[in-house]
Every structure is written in structure tokens, then in C-alpha cells.
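Below you'll find the structure, written out as C-alpha cells, and then a few comments.
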Amino acid sequence: MDGKSNTSFHTKKGVNQYWTAHFKKGKQYVGKIRIKNRGDGAGERLRLARVEVDGKKCGALPGATSNGAWYDIRCNLYGENVKVVMTQNNYLHFSDI
């Protein structure tokens with residue numbers, strides 16, 4: 001997002017809440033997405049979130065996630081939009097991507 005560890009993204013509670021980013025230069029190769037979980041509590045909320053590139057699933061977060069941990073999702077897709085989607089009735093939040 002901004003490379004600063006003291007900021008985070010947070011949605012409302014619910015299934016299919018999401019965060020999205022658009023590449024200004026058009027389609028890009030996305031080998032992997034790195035997501036850093038919030039470090040200030042409720043780290044389990046990020047579990048099982050789905051990661052997509054142009055609507056194609058490239059992976060999901062593991063079933064157990066921890067405060068402040070980094071997670072790598074392998075994609076190997078081309079696209080111009082990256083989306084992280086909450087798959088549970090919970091809040092989607094993380095610190096960096």
C-alpha cells in the first residue's frame with residue numbers, strides 16, 4: 001500500500017468485503033503477492049482471504065494467520081487489477097501488500 005508499517009487497511013464486516021489495486025501501466029505479470037497482516041491484534045481475521053488477479057483466483061491465505069506475519073501468494077498470472085477478498089463473515093484488514 002504505502003510501505004509504512006504503522007498504517008493498515010480495514011473494511012466493514014462481511015463476506016466478499018475486498019481491497020483492490022489497479023496497475024496504472026496496464027497488464028503486468030504478477031508472480032506473487034506479498035501481504036503483511038496487521039500486528040496490533042485480531043491477526044486471525046485474515047485467514048482464508050482469497051487473492052485474485054483480474055477476477056482469476058491465484059490463491060488464498062492459510063487457515064491460520066498471525067499478527068504481523070508476511071504471507072506470499074503465488075499467482076503466475078497477467079492482469080491489471082489485484083483484489084483481496086474476505087471469504088468469511090469478518091473484517092478484512094492488513095498492513096501492507
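The values are calculated or read from the model by the stated rules, or taken from the named source; none is laboratory data. On a predicted model such as this, the values are computed, not experimentally measured, just so you know. FYI the Cβ positions are ideal-geometry reconstructions off the backbone, even for glycines, and counts take in every protein chain you see.
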| field | Subset of the stretch 31-44 that is touching a strand residue (DSSP E or B) at 6+ places or on another chain (Cβ under 8 Å) and part of a loop (DSSP other than H, G, I, E, B) - its residue that is surrounded by the most Cβ atoms within 10 Å (Cβ to Cβ) | value | ASN37
| request: Report whether or not GLY39 is without any contact (Cβ under 8 Å) to a residue 40 or more places away in the chain, closer than 23 Å to LYS13 by Cα and of a type in the set (Gly, Ala, Ser). | output: no
| task | Working only within the stretch 20-65, note down all residues that are at pLDDT below 95 and among the aromatic types (Phe, Trp, Tyr). | result | PHE23
| remark: Within the stretch 2-19, the residues that are on the phi > 0 side of the Ramachandran plot and either surrounded by 13 or more Cβ atoms within 10 Å (Cβ to Cβ) or modelled with pLDDT of 90 or more (or both) are GLY14, ASN16
| field | Looking only at the stretch 68-97, and only at residues there that are closer than 21 Å to LYS12 by Cβ and assigned to a loop (DSSP other than H, G, I, E, B), the one that is nearest to the chain's Cα centre (by Cα) | value | ILE97
| If you take the residues of the stretch 45-56 that are surrounded by 14 or more Cβ atoms within 10 Å (Cβ to Cβ) and without any contact (Cβ under 8 Å) to a residue 40 or more places away in the chain, which of them is nearest to THR87 (Cα to Cα)? | ARG50
| said: For the list (1) over 14 Å from the mean Cα position of the chain (by Cα); (2) free of Cβ contacts under 8 Å to residues at least 60 places away in the same chain, I need the number of the one condition that LYS13 fails. | reply: (2)
| query | Going by the conditions given, is ARG50 closer than 15 Å to THR11 by Cβ, basic (Lys, Arg) and over 10 Å from the mean Cα position of the chain (by Cα)? | reply | no
